[in-house]
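Asks: Structure provided below as structure tokens; questions to follow.
The values are calculated or read from the model by the stated rules, or taken from the named source; none is laboratory data. Just so we're clear, the structure is a prediction, and the values are computed from it rather than from any experiment. All Cβ positions, glycine included, derive from the backbone under ideal geometry; neighbour counts span all protein chains shown. What goes into the accessible areas is simple: the full protein's heavy atoms, side chains included, and nothing from ligands, DNA or RNA. Shrake-Rupley method; radii C 1.70, N 1.55, O 1.52, S 1.80 Å.
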Amino acid sequence: MLITSRGTGRWVMPKGNIGPRIPAHVAAAREAEEEAGILGAVCPVPLGSYRYRKLRGSGASLMIDVDVFPLAMTRELDRWKEQDERERRWFTLEEAADAVDEADLAQLIHSFATSDFKSAASRTRLFNAVAEHSRVHHMFAWFQRLLPKTGNFFEQFEAHAATVLAGAEATARLMSGGDDSAEHIREIIERENDADEITREVLQEVRRTFLTPFDRASITSLIGALDDTVDEMQAAAQAISLYEFTSFTPEMRDMAAIAVDAARLTSEAMPLLRDVAKNAKRLHELTERLIRIEGHADAIHTDGLRRALADHGGTDTLRFVIEREIYKHLERIVDAFEDVADQIDGIVIDHA
């Protein structure tokens, strides 16, 4: 989502100044709502930053540093504060990078893209290439049909990651409050059931497949770590449903937004496993960010518990216990994503 600037009409990201005692990501989310009419879960860990020169009212032209935060949209408003002052438009990442003037921002937009590695070289393509060059294509094709099957693990990993991402987005919508909590809880439970089905398929495939792309233990550990993320999403949703909890704190919403960004990173990483050697650098970048945002989530978790203890510890013990349980599940969601990162790193070490 890009908007036009009020002064020059060029395409820019929603952005603004940070008020006193307001976290940067909260300020960014407010600007997105006011300038672009976008609501959603904003991850408190920035993607990166860029610089641009801004003309002040005094006539001075000063360099401004901008931190950029990922925001997963949950609602697009029909009416918003600055709708008569700006144009807003959805772009593809490629179009958005071309539309902005700042080279650093364009590079940052490009880095956010999920790489398409669906066409990565597979065992079948390799055999076909050899057959073509050796001029024994028909005989080689006959021989290929006799080879043991290698399973469809990559497709299953990618399907599971997509299910996890959908579950994380539903969790963020649940944490945003509103009257639709029952529907969001139901979706999270359905996503967890879908993920369980994929996990069972992977485990069955491991048992009946002769050749696997990775060590069997690596395959089962990776799918298990993926499944743990959505299991904890379901546990959080069930606790919220059981206690009829509706007053979500800023720290809870921040942790849910971190889960969305972690799921996005995981969803990008899965297709890259089709060619680990070629994609080792990008896989390392993704797992490094997963580990970094998990550390940030730990700090938010501590702040949330401290707030809950101060607000309810001496006056409403039950409320404190409920909040502590919800925080526990949110922390375990992000911890599970760190386990996913560790499993991916292990595969990279073994195969790159």
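Asks: Which of the residues that make up the stretch 288-310 are touching a Ser or Thr at 6+ places or on another chain (Cβ under 9 Å) and open to solvent by 20 Å² or more (accessible area, probe 1.4 Å)?
Replies: Answer for the stretch 288-310, where residues must be touching a Ser or Thr at 6+ places or on another chain (Cβ under 9 Å) and open to solvent by 20 Å² or more (accessible area, probe 1.4 Å): just 307.
Per-residue answers, yes or no, for (1) open to solvent by less than 30 Å² (accessible area, probe 1.4 Å); (2) farther than 17 Å from residue 254 by Cα; (3) not in a loop (DSSP other than H, G, I, E, B); (4) not β-branched (Val, Ile, Thr):
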site: 16; (1), (2), (3), (4): no, yes, no, yes
site: 44; (1), (2), (3), (4): yes, no, no, yes
site: 53; (1), (2), (3), (4): no, yes, yes, yes
site: 72; (1), (2), (3), (4): yes, no, yes, yes
site: 81; (1), (2), (3), (4): no, yes, no, yes
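Asks: Between 232, 285, 268, which is assigned to a helix (DSSP H, G or I) and surrounded by fewer than 18 Cβ atoms within 10 Å (Cβ to Cβ)?
Replies: Exactly one residue qualifies, and that residue is 285.
Asks: Let me ask something else about it. When you check residue 328 against the structure, is it open to solvent by 20 Å² or more (accessible area, probe 1.4 Å), more than 20 Å from residue 170 (Cα to Cα) and of a type outside the set (Ser, Thr, Tyr), yes or no?
Replies: No: the conditions fail for residue 328.
Asks: Cβ-Cβ distance below 8 Å, separation of 6 or more or different chains: which pairs start in the stretch 291-315 with a residue that is closer than 11 Å to residue 335 by Cα and touching a residue at least 12 places away in the same chain (Cβ under 8 Å) and end on one that is part of a helix (DSSP H, G or I) and open to solvent by 40 Å² or more (accessible area, probe 1.4 Å)?
Replies: Pairs that qualify, where the first residue is closer than 11 Å to residue 335 by Cα and touching a residue at least 12 places away in the same chain (Cβ under 8 Å) and the partner is part of a helix (DSSP H, G or I) and open to solvent by 40 Å² or more (accessible area, probe 1.4 Å), are 291/338; 294/335; 294/338; 297/331; 298/331.
Asks: Answer with yes or no whether residue 97 is touching a His at 6+ places or on another chain (Cβ under 6 Å), free of Cβ contacts under 8 Å to residues at least 40 places away in the same chain, hydrophobic (A, V, I, L, M, F, W, C) and not in a loop (DSSP other than H, G, I, E, B).
Replies: Yes.
Asks: Please specify each residue of the stretch 36-64 satisfying the condition of being in contact (Cβ under 8 Å) with a residue 24 or more places away in the chain and over 24 Å from the mean Cα position of the chain (by Cα).
Replies: Of everything in the stretch 36-64, those that are in contact (Cβ under 8 Å) with a residue 24 or more places away in the chain and over 24 Å from the mean Cα position of the chain (by Cα) turn out to be 51, 52, 55.
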